[in-house]
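The values are calculated or read from the model by the stated rules, or taken from the named source; none is laboratory data. Source: prediction; values computed, not measured. Neighbour counts run over all protein chains shown; Cβ positions are idealised from the backbone, glycine included.
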Amino acid sequence: MRNKTIFALLLIWILLPFGGCQLAVADDSDSRSQDKLCGVFITLDYVDTTLSSTELPADWNGDPSRISFAEQPIYAEKHEDPNGTADYTFNGISGFRFFTVTTGEGGSDCLRSVIDDEIQEGNLSVSDDTIDLSGTIYFDVHASCCVYANPVYQTPDGRIYMESGEGMSFGTLQTADSGGSTALSETKTETVDGKLKSRTINIKINVQAMNTNKHIVLKQMDASDRVVAKTDITQGGIPESIRICADTAYLILEENSVDFEGNAAVKRTLLNPGEDTVNVHFTGDRGIVQAYAISLEHDPAFKDNP
């Protein structure tokens, strides 16, 4: 096995139970012993990397126990823009990228993240010997959902590939904020300039249910708690920007939604009007909740009072 590779499924039971999907075990090939875990590729369907590499003995007599199912990694395609910045895609496989890439940009190792919009609240923290990567996927309370965290590795020569991973399943009619999480970690030790150096990466994916937003209102409030302006937002009418009035003291984001029982629900959140953007959420394909960023354009006379 890779040095101290740990795959841990942390299931958090909140209000309603959910089932887990089956773990896929990684290949122990020594040829990949130097490859490093760098993140996950999230899919909503199981990615089977064994079928394409099924091996039958030359003298096979029909005994199923003699069939070899060696896992073969799926390599990402690398694309570079005119500035030389690389991007990686798993063509033909629908999913969400959530990993880091080490490049030699500028003559030295450079770590950057590759995170798709479906991964919300993404956070990358890097120290001398530890990388922490975390994010959240939101799904609609009325949608069934199965999320697979397929581990992604980077080879010493910079190639990116993934293997089959663990899954978490959620039935329909989940309560808001219910969900779970899955975590992967790996520690590698290597010799650098004659000294042993360890490097640990911790990856955590949270999966959380959210009510179905139908209508959102952004209210601008003055210091006397009066509404000075409001903007109605629907999934079919998301503005690119909203102008913040000069006398706006704070914002209220009012989300009018439907809960798992079909009842109307309202969630109100206080926001700072001095921010550059505000995010609104609506349900997208296959029940995954998408975040849409709206720019906040401030009146020249506006003064931010944090």
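Tabulated data
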{"quantity": "Members of region 285-299 that are in contact (Cβ under 8 Å) with a residue 24 or more places away in the chain and of a type outside the set (Lys, Arg)", "calculated": "GLY287, ILE288, VAL289, GLN290, ALA291, TYR292, ILE294, SER295, LEU296, GLU297, HIS298, ASP299"}
{"quantity": "Conditions (1) among the charged types (D, E, K, R); (2) assigned by TED's automatic domain parsing to the domain that holds LEU44; (3) part of a strand (DSSP E or B); number of the one not met by ASP157", "calculated": "(3)"}
{"quantity": "2 or more residues surrounded by fewer than 18 Cβ atoms within 10 Å (Cβ to Cβ): qualifying strands (runs of 3 or more DSSP E) within region 162-272", "calculated": "179-192, 195-210, 212-221, 227-233, 241-244, 250-258, 264-271"}
{"quantity": "Condition check for ARG286: more than 25 Å from PHE96 (Cβ to Cβ) and not hydrophobic (A, V, I, L, M, F, W, C)", "calculated": "no"}
{"quantity": "Yes/no for VAL280 being among the β-branched types (Val, Ile, Thr), under 30 Å from ALA143 (Cβ atoms) and under 24 Å from the mean Cα position of the chain (by Cα)", "calculated": "yes"}
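To keep it simple, each residue is scored yes or no on (1) under 24 Å from THR172 (Cα atoms); (2) among the charged types (D, E, K, R).
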position	(1), (2)
ASP247	no, yes
ASP259	yes, yes
ALA264	yes, no
THR269	no, no
